[in-house]
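First up is the structure itself, then whatever we jot down about it.
The values are calculated or read from the model by the stated rules, or taken from the named source; none is laboratory data. Everything quoted here is computed from the prediction, not taken from an experiment. Every residue, glycine among them, receives a Cβ derived from its backbone with ideal geometry; neighbour counts consider all protein chains shown. Side chains are part of the model used for accessible areas, which takes the heavy atoms of the whole protein and leaves out ligands, DNA and RNA. Shrake-Rupley method; radii C 1.70, N 1.55, O 1.52, S 1.80 Å.
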2 protein chains.
Amino acid sequence: MTASRDYEALVQRGLKLDLTRGKPSAQQLDLSDAMLKLPTTTKTGAGIDARNYGDLQGLKETRELFSAALQVPAGQLVVGGNSSLAVMHDTIVFALLGTMPGAERRWAEQEVTFLCPVPGYDRHFAICERYGIKMVAVPMTAEGPDMDVVERLAADDPAVKGIWCVPKYSNPSGITYSDDVVRRLAAMPTAAADFRVFWDNAYAVHHLSDQHDQLADLLALCEEYGNADRAFVFGSTSKVTLAGSGISFFGSSPANVEWFLSHTAKQSIGPDKLNQLRHVEFLRDADGIAAHMRGHAAIVAPKFELVDQILRKELGELATWTAPHGGYFITLEVPNAADVVARAKAAGIALTPAGATHPYGQDPDDRFIRIAPTFPDLEELEQAIYGLTVCVRAANA
Amino acid sequence: MTASRDYEALVQRGLKLDLTRGKPSAQQLDLSDAMLKLPTTTKTGAGIDARNYGDLQGLKETRELFSAALQVPAGQLVVGGNSSLAVMHDTIVFALLGTMPGAERRWAEQEVTFLCPVPGYDRHFAICERYGIKMVAVPMTAEGPDMDVVERLAADDPAVKGIWCVPKYSNPSGITYSDDVVRRLAAMPTAAADFRVFWDNAYAVHHLSDQHDQLADLLALCEEYGNADRAFVFGSTSKVTLAGSGISFFGSSPANVEWFLSHTAKQSIGPDKLNQLRHVEFLRDADGIAAHMRGHAAIVAPKFELVDQILRKELGELATWTAPHGGYFITLEVPNAADVVARAKAAGIALTPAGATHPYGQDPDDRFIRIAPTFPDLEELEQAIYGLTVCVRAANA
């Protein structure tokens, strides 16, 4: 059989390639090297000495810089440290250990269930698993989570307190939620008064071409439908500037922001404001962000195109995959995904573990593989994706 | 009466001075301005691209740089974000929501009591209060907490799970724990198997002169006495380099470090490693840290001397106060402290609220006032401290 002969030949090549994580390449990081000499000033517009303690909410100029991209008024944004994952983690912790606006009790004192659109982001699921939050998978459609399912579960069960969403260029399918899905998330009745949409807008400005997906404004819609406190918006510059040295954001209603800051006030005397100024000087404004992101697209888009080309040529009808307009991932749907990933591993191609796209690492249909094309160079990527197709054919011969 | 006439005259002056927080002055922050052009390289000694994600424990070179100062082997140090308070807060959260080495249950499932040497640091107490951890005050002596009291409470009550310590140039008394106190903390039997010493070594290298207090090595002593997992060591560069843009440290036994990282792995994909390299390039080694800290001492020591002079001249026998060899604070003990602070406020001199040095903000003897002399310049400081003495005399006329 050709498929198994090809696989034997692949294993013989002794590759050592990694497609596991959504990391920017060195070339992308080079785009921000000028930041290493910034900031040139340490005084803010309001005359604050950015070197000292304080200013828990973050500098006004930093909040204004990202207000439009994150669709949150600057006054309702909080700037955090280098990791939006930490902001999400801590928000869960604060909900477990403190009483949120609209909540009767702390989440630690009751059963809590989160809805998890699948395929989804494994690090979201890991936070829930660590803290004993039950997860229920909800299928994704081309427009976002299946809202018939979401509405039913949220309306019926008061233990359902939240839903994880990566609404734009989603991790890992790459799709963007339709206006109708966003509107329904904002409007739907929920059995829990303290239900929250965890809106991880990680790829808000991460377009791959001039064709920009448009995302409806969840925060505004929640207010419009009388559910002002429903949205928790998260974002970061980890994949805008420097992956380890970016800044993060929390945005929500005034009541939620006050609640959030009442917790972070116990945690810290203030954020790294020099890094905030560094970002303001480097990116300047919304146009500066857009120009900078075009630099990323010029590096990343050819990688996405290459993956699509190889999959089309080698797999054809055997699999389906997404062709996103932005973000960091392509989702490959194939039969026997776990076997494909195991074969790839044996051939020296590291993929995110099969099932990682699902709560508890369990993909009941054994179909989903997340491809992260950004980190390798084009040559490595070509080898890895071609190798992956060999594994798909061998596993389904 | 002279005292009340002097006070009236003080109020008439309409001062606006702030002695509340232990903030470095702008002049001190200037000492680190060269950091704004660093790092000059983004590759670590191990070839890691410091701009990207990863390396949860922190860079080896950064851990080695602070290992001696914090008395923790580099392999047992973790480098965190810009706030050691956040590391302490999060350690409490991880103990509440996860099971620590030696613990039978999560702290959230039981009554937890912390011992709080007084006077102590209000932000430690605020974390306990926020999360419902009961606090019991323990008197400080000139050698550290009264160990007879600490040993009795720790031995008798399994709810006693921890003690807050600022062991060197303590906040706010400025004293350093004696070798005997440190040894007893390491050796004492505790009713709780998961008892922890929260060792906030915030002022490890913050000497005011060439007379350096020496602190015994808690972590080594805990291991020697068979209580290897007892010590949680915290530190930061907030008052070494830039108050808002420093790096923080967690140090402990290998088992505790593994437990800590198992939690932070859910929280973050890695710390800001460029800021770590920035610190390594700027401070270089232990000698570099010492030289840099002499620069701080040259600015800060005259302020401590000025406070001592004025208090001696104006208060004499009416009060007692500390004359620390390092750190950021002087503790003034006077009768009717709350009245003194209220009078100072009315005269435009902001002091840390009376009682802030005690759990729940309650100083039963109404005696302790924390003086933070670093932030104002010498002229403002002279006015503020002279004004304070006027308030002391007026309140005790």
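Look at (1) assigned to a loop (DSSP other than H, G, I, E, B); (2) touching a strand residue (DSSP E or B) at 6+ places or on another chain (Cβ under 9 Å); (3) touching a residue at least 60 places away in the same chain (Cβ under 8 Å) and you find that B:Phe125 fails only one, number (1). From the list A:Gly98, A:Gly144, the one residue that fits, being at positive phi and among the small types (Gly, Ala, Ser), is A:Gly144.
Exactly one residue out of B:Phe375, B:Phe368 is open to solvent by 10 Å² or more (accessible area, probe 1.4 Å) and either out of contact with any Pro (no Cβ under 9 Å at 6 or more places or on another chain) or closer than 16 Å to B:Leu15 by Cβ (or both): that is B:Phe375.
Can you find a residue that is outside the structural domain of B:His212 (by TED's automatic domain parsing), in contact with a Lys or Arg (Cβ under 9 Å, 6 or more places away or on another chain) and modelled with pLDDT of 95 or more anywhere in the stretch B:297-313? Checked the stretch B:297-313: no residue is outside the structural domain of B:His212 (by TED's automatic domain parsing), in contact with a Lys or Arg (Cβ under 9 Å, 6 or more places away or on another chain) and modelled with pLDDT of 95 or more. Residues in the stretch B:94-102: is at least one away from every other protein chain (no Cβ under 14 Å) and surrounded by fewer than 20 Cβ atoms within 10 Å (Cβ to Cβ)? Within the stretch B:94-102, one or more residues are away from every other protein chain (no Cβ under 14 Å) and surrounded by fewer than 20 Cβ atoms within 10 Å (Cβ to Cβ). Of the residues B:Tyr360, B:Tyr386, the single one that is closer than 25 Å to B:Ser4 by Cβ and touching a residue at least 12 places away in the same chain (Cβ under 8 Å) is B:Tyr386. Taken over the stretch B:101-117, residues that are more than 24 Å from the chain's Cα centre (by Cα) and in a loop (DSSP other than H, G, I, E, B) amount to 8. Taking the condition at pLDDT 95 or above and surrounded by fewer than 22 Cβ atoms within 10 Å (Cβ to Cβ), does B:Pro335 pass? For B:Pro335, the condition - at pLDDT 95 or above and surrounded by fewer than 22 Cβ atoms within 10 Å (Cβ to Cβ) - is met.
Taken together, B:Phe260, B:Phe250, B:Phe304, B:Phe282 contain a single residue that is out of contact with any Phe, Trp or Tyr (no Cβ under 9 Å at 6 or more places or on another chain) and either closer than 29 Å to B:Ile92 by Cβ or within 14 Å of another protein chain (Cβ to nearest Cβ) (or both), which is B:Phe282. Remark: pairs (first residue in the stretch B:61-82, on the phi > 0 side of the Ramachandran plot; second residue in a loop (DSSP other than H, G, I, E, B); Cβ separation under 9 Å; 6+ apart in sequence or on different chains) = B:Gln71/B:Asn201; B:Gln71/B:Ala204; B:Gln71/B:Leu215; B:Gln71/B:Ala216; B:Gln71/B:Asp217.
Where strands (runs of 3 or more DSSP E) sit wholly within the stretch B:230-333, those with at least 1 residues that are under 30 Å from B:Thr44 (Cα atoms) and among the hydroxyl-bearing types (Ser, Thr, Tyr) occupy B:231-236, B:248-251. Entry remark, the stretch A:66-83: residues being in a helix (DSSP H, G or I) and under 15 Å from B:Ala86 (Cα atoms) number 0 in total. For the stretch A:140-152, the criterion of being crowded, with 23+ Cβ neighbours inside 10 Å, within 20 Å of A:Glu333 (Cβ to Cβ) and hydroxyl-bearing (Ser, Thr, Tyr) is satisfied by no residue at all. Taking the stretch A:169-180 as the range and being in contact with an Asp or Glu (Cβ under 6 Å, 6 or more places away or on another chain) and buried (at least 20 other Cβ atoms within 10 Å of the Cβ) as the test, only A:Thr176 passes. Once the stretch A:43-65 is narrowed to residues that are touching a helix residue (DSSP H, G or I) at 6+ places or on another chain (Cβ under 8 Å) and outside any loop (DSSP other than H, G, I, E, B), the residue that is most open to solvent (accessible area, probe 1.4 Å) is A:Lys60. Of everything listed in (1) in a loop (DSSP other than H, G, I, E, B); (2) at the interface with chain A (Cβ under 10 Å from one of its Cβ atoms); (3) not basic (Lys, Arg), the single unmet condition for B:Met88 is (1).
Regarding B:Val340, is this residue within 22 Å of the chain's Cα centre (by Cα) and assigned to a helix (DSSP H, G or I)?
So B:Val340 does not fit the description; no.
Scanning the stretch A:66-85 for residues that are under 19 Å from A:His206 (Cα atoms), open to solvent by 20 Å² or more (accessible area, probe 1.4 Å) and within 7 Å of chain B (Cβ to nearest Cβ) yields a single hit, A:Asn82. The set of residues in the stretch A:363-383 being closer than 16 Å to A:Thr322 by Cα and either free of Cβ contacts under 8 Å to residues at least 12 places away in the same chain or not small (Gly, Ala, Ser) (or both) consists of A:Arg367, A:Phe368, A:Ile369, A:Arg370, A:Ile371, A:Pro373, A:Thr374.
This table checks each residue for (1) of a type outside the set (A, V, I, L, M); (2) open to solvent by less than 20 Å² (accessible area, probe 1.4 Å); (3) within 14 Å of chain B (Cβ to nearest Cβ).
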{"position": "A:Asn227", "(1), (2), (3)": "yes, no, no"}
{"position": "A:Gly244", "(1), (2), (3)": "yes, yes, yes"}
{"position": "A:Ala265", "(1), (2), (3)": "no, no, yes"}
{"position": "A:Pro271", "(1), (2), (3)": "yes, yes, yes"}
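Applying a threshold of 6 Å to beta carbon distances and a minimum spacing of six or more residues, or different chains, the list of pairs starting in the stretch A:335-347 at a residue that is touching a residue at least 60 places away in the same chain (Cβ under 8 Å) and ending at one that is of a type outside the set (A, V, I, L, M, F, W, C) and open to solvent by less than 10 Å² (accessible area, probe 1.4 Å) reads A:Ala347/A:Gly387. Scanning the stretch B:1-39 for residues that are in a helix (DSSP H, G or I), open to solvent by less than 70 Å² (accessible area, probe 1.4 Å) and under 15 Å from A:Thr42 (Cα atoms) returns B:Ala26, B:Gln28, B:Leu29, B:Asp33, B:Ala34, B:Met35, B:Leu36. Scanning the stretch A:29-45 for residues that are more than 8 Å from chain B (Cβ to nearest Cβ) and under 13 Å from A:Gln276 (Cα atoms) returns A:Met35, A:Thr41, A:Lys43, A:Thr44, A:Gly45. Residues in the stretch A:302-309 include none that are open to solvent by 10 Å² or more (accessible area, probe 1.4 Å) and more than 30 Å from A:Leu29 (Cβ to Cβ).
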